[in-house]
Amino acid sequence: MDFSLILELFGLSIAAALIAGFVVPWIGSYLYLRRTSFYGLALPQLAATGVACGFAVMPWWVDHVGIGDLELAAALEDTHAAMNYHLGWASLFTMGGLAVMLLIGRRSGSEVAHVAGAFVIASACTVLFAHASPMGEIFVHELLRGEILAVGVHELETLAAVLGLSFIVLLWLQNDFILVSYDRETAQVLGKRVGAFEAGLALIVAASVAAGTMTVGPVVLFGLLVLPPIAARPFARSIPHFLWLASGFGLLGTALGIWASFQWDLPLGPCVVLACALSTLPGWIATLVRK
Amino acid sequence: MTPILEARDFTFGYDGVAVVAGDKLTMEPGQVLGIAGPNGSGKSTLFRGLLGLIPAMTGTVVCNTPAIGYVPQKEVLDELYPFSAVEVVEMGGYGSLLGWRRLTREQKDRAHACLERVQLPEVAKKAYSSLSGGQRQRVLLARALMVKPKLMMLDEPTSGVDAKAARVIMDLILRLAEEENLAVGIVSHRLQDLQRAANVGVWVDEGRAHVGAAGILEQGERRAYGRVESQGDA
C-alpha cells in the first residue's frame, strides 16, 4: 500500500472524513447529553431523502427554475452546481423534518416513536425517489453504502465551512448551550433566551448533518454522531473533557477506519463506523470493572 | 419597605386554562414564604408563575430584583452530564457571562466559597451524580448563592431525603435567609418543614391561593383532610 499515492488520489476524501471525524462527535455529544441520540439516526436519513428527492425532481427543476442556466446533462456533470443544488434539498429535508419532529413529537409526548417513524418513512422515500432517477439511484446507492472517495474541492470546502462554523459557535457559546440543555428553567431564571439557544442548537445540528450527509454519507454521520460520545462518557470528568474526548475518539476511529479501508480494500464509510464502534469497548470494559 | 416581589389579582395556568388564582402576594427581605397544598391544587403552577417561568394570564407580577437564586427539584437534573459538584455551582455565574467569556478566577473562588457556606467544601471535585440526595440539594443551594441573590426560590428542597438531612437543609436555608436578609419562597409537600421555616404561608387549594400567617398552612391541611374524611364517610 503506497500511502503517498493514496494521499494524492484520495487526499480530499480523507481530509473530509477527518474533519467530520473531529467535529461531528462534538455535535453528537450534545445529542447524547440531551438524550436525543436517536435524532442522529433520523436526520442523516432525512438528508439522504432530500438528496434523492433532488435527483427525482431535477429534470423539472432545470426546465422551470434552472440550475445556473445549465442543461440537465451539464447540471449533472457540474459538481459545483450539483453540490449546491443537492445541499439545498438536503438542508430543506433535514431542517423541515427536524422542525416537524420537534413540534409534533414533543407535543404528543411520544418523541422517540415519532423520530423512529420519520426514520422509516425517510428510508422508504429515499429508495422511491432514487428509483425515479437513474443517476440519482447510483449516487444515493453510493451515499448509503458509505463510498466517500469521490469528494471534490467544492464539497470539501462546503463541509469545512459548515462544520468549522458550527464548531466555532458551539465552542463560543458552550456555557450557554450546556446550561440550557442541562437545566432549562435555571437558564430562564438567569435571563438566558432559552428558545433562541435551543433553536440555534437545532440549526447547527441540521446544517452539519445536511452538509455531512452530502459529503460522507448517512452511515458515517450515524456512526460519528452516536458512537464517539458513548466511547467518551465513561472516562469524562467534566463537560469540556467529555467534548474533547468524544472528538478525539471520533478522529481516532476515522483514522483507523481509513487505514483499514485502504489496507483491505473495503468501503471507507462502514470501516470508519466499525472503528468508532471498537473505540467504545474500553468504556464498556471500564464500566464493567467499576461495577 | 419595597417588596422584592409583588403579585396582584393574578391567575396562572397553561394553554389558556386557569390553574391557580389569588388576590395579593408580596415577598419582602427576611421573609420566608411557605407554599403548600394538596396534590394537584396548583402550588407548583403558582411557584412557576411567581418565578416568571410562565406568564400571568391576568393581573401583574413585579419582581424588583434580577438576582434570583433558583433551586429546582434535584430529580430534574440528569445524571448523564459529567459535572463535578463545583461545576454545578459555577453555573450560577453563567447569567453574567456573554458568549465566549469564561468564569474569572474570582468567580471560581466564589463557587468554592459558596460550597463552604453550605458546609460541603470537601465534595467540590466529586462527581455531582455520586453525591447523596441531601448533598445534591446543598450543592444546588450553593449554586443559587452564586447569583448573590436577593430572592431565593426553592422547589421541594426536602423531597427524597431522610428526616435528618431535611432538617439540615431547612436549618441551612433559614440561616442563609437571616444572614443575607433574603426573601425566600419554598414550595413543599412536607408541612412540618414549612411550618418550622415559614413566617408567611400560602395554602393553595382548589385553584385558589390563600395568603396568611404561617398557621394558615396547618389550618388548610386540617380542612383538606377533614374534607377527604367526610367524603370517605359518605
TODO: With the checklist (1) open to solvent by 10 Å² or more (accessible area, probe 1.4 Å); (2) at pLDDT below 90; (3) closer than 23 Å to A:VAL189 by Cα in hand, flag the one item B:MET146 doesn't pass.
DONE: (2)
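Only one of A:VAL194, A:VAL226, A:VAL273, A:VAL205 is open to solvent by less than 20 Å² (accessible area, probe 1.4 Å), under 23 Å from the mean Cα position of the chain (by Cα) and either at negative phi or not acidic (Asp, Glu) (or both); which? Outline the logic, then answer.
Working: A:VAL194 fails: under 23 Å from the mean Cα position of the chain (by Cα); A:VAL226 fails: open to solvent by less than 20 Å² (accessible area, probe 1.4 Å); A:VAL273 fails: open to solvent by less than 20 Å² (accessible area, probe 1.4 Å).
Unique residue meeting the criteria: A:VAL205.
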TODO: Say whether the condition of being within 13 Å of chain B (Cβ to nearest Cβ), assigned to a helix (DSSP H, G or I) and touching a Lys or Arg at 6+ places or on another chain (Cβ under 8 Å) is met by at least one residue in segment A:188-211.
DONE: yes
Open item on the list: Name the residue that is nearest to B:PHE47 (Cα to Cα), counting only residues in segment B:156-193 that are open to solvent by 30 Å² or more (accessible area, probe 1.4 Å) and not in a helix (DSSP H, G or I).
Closed with: B:HIS189
Open item on the list: Go through segment B:194-224 and report how many residues are part of a loop (DSSP other than H, G, I, E, B) and among the small types (Gly, Ala, Ser).
Closed with: 3
Open item on the list: Among the residues that make up segment A:74-81, is at least one of them open to solvent by 10 Å² or more (accessible area, probe 1.4 Å), of a type outside the set (A, V, I, L, M) and free of Cβ contacts under 8 Å to residues at least 24 places away in the same chain?
Closed with: yes
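Quick grid of which residues meet (1) modelled with pLDDT of 90 or more; (2) touching a His at 6+ places or on another chain (Cβ under 7 Å); (3) within 14 Å of chain A (Cβ to nearest Cβ):
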{"position": "B:ASP9", "(1), (2), (3)": "yes, no, no"}
{"position": "B:ALA18", "(1), (2), (3)": "yes, no, no"}
{"position": "B:ASN39", "(1), (2), (3)": "no, no, no"}
{"position": "B:PRO55", "(1), (2), (3)": "yes, no, yes"}
{"position": "B:VAL61", "(1), (2), (3)": "yes, no, yes"}
{"position": "B:PRO72", "(1), (2), (3)": "yes, no, yes"}
{"position": "B:VAL86", "(1), (2), (3)": "yes, yes, yes"}
TODO: Among residues belonging to segment B:65-79 that are in contact with an Asp or Glu (Cβ under 8 Å, 6 or more places away or on another chain) and open to solvent by 40 Å² or more (accessible area, probe 1.4 Å), point out the one that is farthest from B:LYS148 (Cα to Cα).
DONE: B:VAL76
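Restricting attention to segment B:89-96, does a residue exist that is β-branched (Val, Ile, Thr), surrounded by 22 or more Cβ atoms within 10 Å (Cβ to Cβ) and assigned to a helix (DSSP H, G or I)? So that I can check it myself, show each step before the final result.
We begin by selecting, within segment B:89-96, every residue β-branched (Val, Ile, Thr); these are B:89.
Now drop any that are not surrounded by 22 or more Cβ atoms within 10 Å (Cβ to Cβ), which leaves B:89.
Checking which are assigned to a helix (DSSP H, G or I) leaves us with B:89.
Yes, there is a match, as at least one residue in segment B:89-96 is β-branched (Val, Ile, Thr), surrounded by 22 or more Cβ atoms within 10 Å (Cβ to Cβ) and assigned to a helix (DSSP H, G or I).
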Open item on the list: For the structure I just gave you, tell me whether B:VAL139 is buried (at least 16 other Cβ atoms within 10 Å of the Cβ), touching a residue at least 24 places away in the same chain (Cβ under 8 Å) and not in a helix (DSSP H, G or I).
Closed with: no
TODO: Scan (1) touching a residue at least 12 places away in the same chain (Cβ under 8 Å); (2) outside any strand (DSSP E or B) for the single condition B:MET152 breaks and write down its number.
DONE: (2)
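Among the residues of segment A:259-268, are any open to solvent by 10 Å² or more (accessible area, probe 1.4 Å) and farther than 27 Å from A:HIS141 by Cα? Outline the logic, then answer.
Within segment A:259-268, the subset open to solvent by 10 Å² or more (accessible area, probe 1.4 Å) is A:259-260, A:262-267.
In the following step, the residues that additionally are farther than 27 Å from A:HIS141 by Cα were identified as none.
The answer is no; no qualifying residue exists.
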- [ ] List every residue pair whose Cβ atoms lie under 8 Å apart, where the two residues are 6 or more positions apart in sequence or sit on different chains, the first residue falls within segment A:278-291 and is of a type in the set (Phe, Trp, Tyr), and the second residue, located anywhere, is not in a loop (DSSP other than H, G, I, E, B).
- [x] A:TRP284/A:PRO234
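Examine segment A:71-90 for a residue that is assigned to a helix (DSSP H, G or I), among the hydroxyl-bearing types (Ser, Thr, Tyr) and within 19 Å of A:LEU41 (Cβ to Cβ), and state whether such a residue exists.
Looking only at segment A:71-90, we keep the residues that are assigned to a helix (DSSP H, G or I), and these are A:72-77, A:79-90.
Next cut, among the hydroxyl-bearing types (Ser, Thr, Tyr) only: A:79, A:85.
Among the residues that remain, those that are also within 19 Å of A:LEU41 (Cβ to Cβ) are: none.
Checking segment A:71-90: not a single residue is assigned to a helix (DSSP H, G or I), among the hydroxyl-bearing types (Ser, Thr, Tyr) and within 19 Å of A:LEU41 (Cβ to Cβ).
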TODO: Sort out which residues of segment A:22-46 are within 12 Å of chain B (Cβ to nearest Cβ), under 26 Å from A:ILE258 (Cβ atoms) and out of contact with any Gly (no Cβ under 8 Å at 6 or more places or on another chain), and write them in order of number.
DONE: A:SER29, A:TYR30, A:TYR32
Open item on the list: When you scan segment A:154-167, do you find a residue that is within 14 Å of another protein chain (Cβ to nearest Cβ), modelled with pLDDT of 90 or more, over 18 Å from the mean Cα position of the chain (by Cα) and open to solvent by less than 40 Å² (accessible area, probe 1.4 Å), even just one?
Closed with: no
- [ ] Test B:ALA127 against the criterion of being at pLDDT 95 or above and surrounded by 15 or more Cβ atoms within 10 Å (Cβ to Cβ), and give yes or no.
- [x] no
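Test B:LEU46 against the stated conditions and say whether it is outside any strand (DSSP E or B), out of contact with any helix residue (DSSP H, G or I) (no Cβ under 7 Å at 6 or more places or on another chain), open to solvent by less than 40 Å² (accessible area, probe 1.4 Å) and among the hydrophobic types (A, V, I, L, M, F, W, C).
Against the criterion (outside any strand (DSSP E or B), out of contact with any helix residue (DSSP H, G or I) (no Cβ under 7 Å at 6 or more places or on another chain), open to solvent by less than 40 Å² (accessible area, probe 1.4 Å) and among the hydrophobic types (A, V, I, L, M, F, W, C)), B:LEU46 qualifies.
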TODO: Determine which single condition B:PRO82 fails, assuming it passes every other condition in (1) part of a loop (DSSP other than H, G, I, E, B); (2) of a type outside the set (A, V, I, L, M); (3) open to solvent by 10 Å² or more (accessible area, probe 1.4 Å); (4) at the interface with chain A (Cβ under 9 Å from one of its Cβ atoms).
DONE: (3)
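Could you identify the single residue in A:ARG145, A:ARG106, A:ARG184 that is modelled with pLDDT under 90 and closer than 30 Å to B:ARG143 by Cα?
Details: A:ARG145 fails: closer than 30 Å to B:ARG143 by Cα; A:ARG184 fails: modelled with pLDDT under 90.
Criteria check complete, one pass: A:ARG106.
The values are calculated or read from the model by the stated rules, or taken from the named source; none is laboratory data. Computed from a prediction, not measured in an experiment: that's the story for all the values here. All Cβ positions, glycine included, derive from the backbone under ideal geometry; neighbour counts span all protein chains shown. When the accessible area is computed, the model is the full protein with side chains, heavy atoms only, and any ligands, DNA or RNA have been set aside. Shrake-Rupley method; radii C 1.70, N 1.55, O 1.52, S 1.80 Å.
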